[in-house]
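Enquirer: Okay, here's the structure, questions in a sec.
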Amino acid sequence: MRTALVGIVAVLVWLISVPAFAASSSRSVTAIGMTVSDVDRSVAFYTQVLTFEKISDVEVAGADYEHLEGVFGLRMRVVTLKLGAEQLALTQYLAPRGQAFPADSRSNDRWFQHAAIVVSDMDRAYARLREDHVEYASSGPQTLPAWNKAAGGIRAFYFRDPDEHYLELIEFPSGKGDPRWQRSDGRLFLGIDHSAIVVSHTAKSEAFYRDLGFHVVGGSENYGDEQEHLNNVFGAHLIITSMRTESGPGIELLEYLAPRDGRPMPADVHPNDIVFWDVMIAGPDRSLLERLGANPVATPRRELGFENAAIVRDPDGHAIELVKQ
């Protein structure tokens, strides 16, 4: 569930068995993945603090996965967690180990990505995180102002996991977000609404994700004191575009109008580096893969729950994995 070397502008694709992909254009986001340094530590954090449920634990190695990932001599342990209807895949590279998360990362750097975890009660959820001494990325929960018609009343808070990955708690007021987020059934942590990524040009990224089966479902222009303190970036002024497939978490494009000093994805990021994320999409059609210029590479075994896969990079280097399950 990982990718090979970064292509910043060009899309880089690895395809496994093109003919096996169906002709259907029905697509869904099945999981959000990240690389971790100690999967047992990460599982403890996500299950004990955020109440995810562990649903699988698989260790893989061999030439198939080396070709898919672009990492020679790898051995991976992949643990899949579930919260509500959404899945999070944690991958530890037992060999070779990659680089730690960049210590000077900021929320406007273009390697930024997070998973937005929906809560039914922000005050209770924030208190829970404080009890567990999580690392802050925001100064505290922020309520977006009423003048912002699209986002007003949403409450949000950024924090970080044991490997420094950014995460978000988000609480939707009545009338905003998916209606299912209003049905908590007594649960505090409900599921994953979206994965947010920083992009350099919204129009270019939007076109890319439309081609993958996403459609725009909303957007806003966010700025002001609350947004600055949420992102922990002075003067933060963003265009936010929300996109979704037929089911699963969405993608949220974050383009910083200010400040414009966010750094691009490093050219030497590898999938065993801790900064690495990917989003898995089921249901690509052959015509899409052909447009992306895919070339056959290998046929992986089914330990990770899919028969065939292709991995692409968006215009800013974020990874997307297209799979046939």
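The values are calculated or read from the model by the stated rules, or taken from the named source; none is laboratory data. Just so we're clear, the structure is a prediction, and the values are computed from it rather than from any experiment. Here the Cβ positions follow ideal geometry from the backbone for every residue, glycine too, while neighbour counts run over all protein chains shown.
Enquirer: I want to confirm something. Restricting to region 32-52 and keeping residues that are out of contact with any Leu (no Cβ under 7 Å at 6 or more places or on another chain) and of a type in the set (G, A, S), which single residue is surrounded by the fewest Cβ atoms within 10 Å (Cβ to Cβ)?
Expert: Only one residue tops the list, namely A44.
Enquirer: Sticking with this structure for a sec: Quick one: how many residues across region 44-64 are under 18 Å from D132 (Cβ atoms) and either touching a Phe, Trp or Tyr at 6+ places or on another chain (Cβ under 6 Å) or assigned to a helix (DSSP H, G or I) (or both)?
Expert: Of the residues in that region, 8 qualify.
Enquirer: I would also like to ask the following. Quick check on region 113-150: of everything there that is under 21 Å from the mean Cα position of the chain (by Cα), among the β-branched types (V, I, T) and outside any loop (DSSP other than H, G, I, E, B), which residue is nearest to N232 (Cα to Cα)?
Expert: Restricting to residues being under 21 Å from the mean Cα position of the chain (by Cα), among the β-branched types (V, I, T) and outside any loop (DSSP other than H, G, I, E, B), the top hit is I117.
Enquirer: If I filter region 218-237 down to residues being among the hydrophobic types (A, V, I, L, M, F, W, C) and in contact with a helix residue (DSSP H, G or I) (Cβ under 8 Å, 6 or more places away or on another chain), which single residue comes out as surrounded by the most Cβ atoms within 10 Å (Cβ to Cβ)? Steps first, please.
Expert: Initially, region 218-237 is screened for residues among the hydrophobic types (A, V, I, L, M, F, W, C), giving 230, 233-234, 236.
If we keep only those that are in contact with a helix residue (DSSP H, G or I) (Cβ under 8 Å, 6 or more places away or on another chain) too, we end up with 234, 236.
Details: F234: 9, A236: 23.
Among those residues, the one meeting the criterion is A236.
Enquirer: Another one. Can D193 be described as of a type in the set (D, E, K, R), touching a helix residue (DSSP H, G or I) at 6+ places or on another chain (Cβ under 8 Å) and part of a loop (DSSP other than H, G, I, E, B)?
Expert: Details: of a type in the set (D, E, K, R): yes; touching a helix residue (DSSP H, G or I) at 6+ places or on another chain (Cβ under 8 Å): yes; part of a loop (DSSP other than H, G, I, E, B): no.
For D193, the condition - of a type in the set (D, E, K, R), touching a helix residue (DSSP H, G or I) at 6+ places or on another chain (Cβ under 8 Å) and part of a loop (DSSP other than H, G, I, E, B) - is not met.
Enquirer: Can I ask one more? Restricting region 101-154 to residues that are among the aromatic types (F, W, Y) and at pLDDT 95 or above, which is nearest to P173 (Cα to Cα)?
Expert: At the first step, the residues of region 101-154 found to be among the aromatic types (F, W, Y) are 101, 111-112, 126, 136, 147.
Narrowing further to those that are at pLDDT 95 or above: 111-112, 126, 136, 147.
Numbers: W111: 29, F112: 26, Y126: 17, Y136: 23, W147: 15 Å.
Here the residue is W147.
Enquirer: If you scan region 66-80, which residues turn out to be over 15 Å from M34 (Cα atoms) and either modelled with pLDDT of 85 or more or in a strand (DSSP E or B) (or both)?
Expert: Taking region 66-80 as the starting set, the residues that turn out to be over 15 Å from M34 (Cα atoms) are 66-68, 70-75.
If the condition is that a residue be over 15 Å from M34 (Cα atoms) and either modelled with pLDDT of 85 or more or in a strand (DSSP E or B) (or both), then E66, G70, V71, F72, G73, L74, R75 are the ones that fit.
Enquirer: Go through region 92-109 and report how many residues are touching a Gly at 6+ places or on another chain (Cβ under 9 Å), surrounded by fewer than 21 Cβ atoms within 10 Å (Cβ to Cβ) and not acidic (D, E). Steps first, please.
Expert: Here is the first cut: in region 92-109, the ones touching a Gly at 6+ places or on another chain (Cβ under 9 Å) are 95-96, 106-109.
Keeping just the survivors that are surrounded by fewer than 21 Cβ atoms within 10 Å (Cβ to Cβ) gives 95-96, 106, 109.
Next, from what is left, pick out any that are not acidic (D, E): 95-96, 106.
Result for region 92-109: 3.
Enquirer: I've got another one for you. State which residue is surrounded by the most Cβ atoms within 10 Å (Cβ to Cβ) when the search covers only region 128-186 and only residues that are more than 28 Å from A44 (Cβ to Cβ) and small (G, A, S).
Expert: Here the answer is A151.
Enquirer: Related question: Among the numbered conditions (1) within 17 Å of the chain's Cα centre (by Cα); (2) crowded, with 20+ Cβ neighbours inside 10 Å; (3) more than 24 Å from L90 (Cα to Cα), tell me where I240 comes up short.
Expert: I240 satisfies all of (1) within 17 Å of the chain's Cα centre (by Cα); (2) crowded, with 20+ Cβ neighbours inside 10 Å; (3) more than 24 Å from L90 (Cα to Cα) except (2).
Enquirer: Looking for whichever is under 29 Å from S200 (Cβ atoms), touching a residue at least 60 places away in the same chain (Cβ under 8 Å) and surrounded by 12 or more Cβ atoms within 10 Å (Cβ to Cβ) here; the options are A89, A85, A125. Which one fits? So that I can check it myself, show each step before the final result.
Expert: Working: A85 fails: under 29 Å from S200 (Cβ atoms); A125 fails: under 29 Å from S200 (Cβ atoms).
That would be A89, the only listed residue that is under 29 Å from S200 (Cβ atoms), touching a residue at least 60 places away in the same chain (Cβ under 8 Å) and surrounded by 12 or more Cβ atoms within 10 Å (Cβ to Cβ).
Enquirer: On to the next question. Only residues that are among the aromatic types (F, W, Y) and part of a strand (DSSP E or B): list them for region 210-229, please.
Expert: So in region 210-229, the residues among the aromatic types (F, W, Y) come out as 214, 223.
If the condition is that a residue be among the aromatic types (F, W, Y) and part of a strand (DSSP E or B), then Y223 is the only one that fits.
Enquirer: Restricting region 293-324 to residues that are part of a loop (DSSP other than H, G, I, E, B) and at pLDDT below 65, which is farthest from Y65 (Cα to Cα)? Show your work before the answer.
Expert: Within region 293-324, the first condition is being part of a loop (DSSP other than H, G, I, E, B), and the residues that meet it are 293-295, 297-307, 314-318.
With at pLDDT below 65 added as a condition, the list becomes 293-295, 297-301.
Working: G293: 21, A294: 17, N295: 16, V297: 11, A298: 9, T299: 9, P300: 7, R301: 9 Å.
Once the filter is applied, the top-ranked residue is G293.
Enquirer: For the list (1) surrounded by fewer than 16 Cβ atoms within 10 Å (Cβ to Cβ); (2) touching a Lys or Arg at 6+ places or on another chain (Cβ under 6 Å); (3) among the aliphatic types (A, V, I, L, M), I need the number of the one condition that V198 fails.
Expert: (1)
Enquirer: Now for a different question. Examine region 163-179 for a residue that is of a type in the set (S, T, Y), in a loop (DSSP other than H, G, I, E, B) and at negative phi, and state whether such a residue exists. Before the answer, list the steps.
Expert: Pass one, region 163-179, residues of a type in the set (S, T, Y): 166, 174.
Next, only the ones that are in a loop (DSSP other than H, G, I, E, B) stay: 174.
Cutting the leftovers down to at negative phi gives us 174.
Among the residues of region 163-179, at least one is of a type in the set (S, T, Y), in a loop (DSSP other than H, G, I, E, B) and at negative phi, which makes the answer yes.
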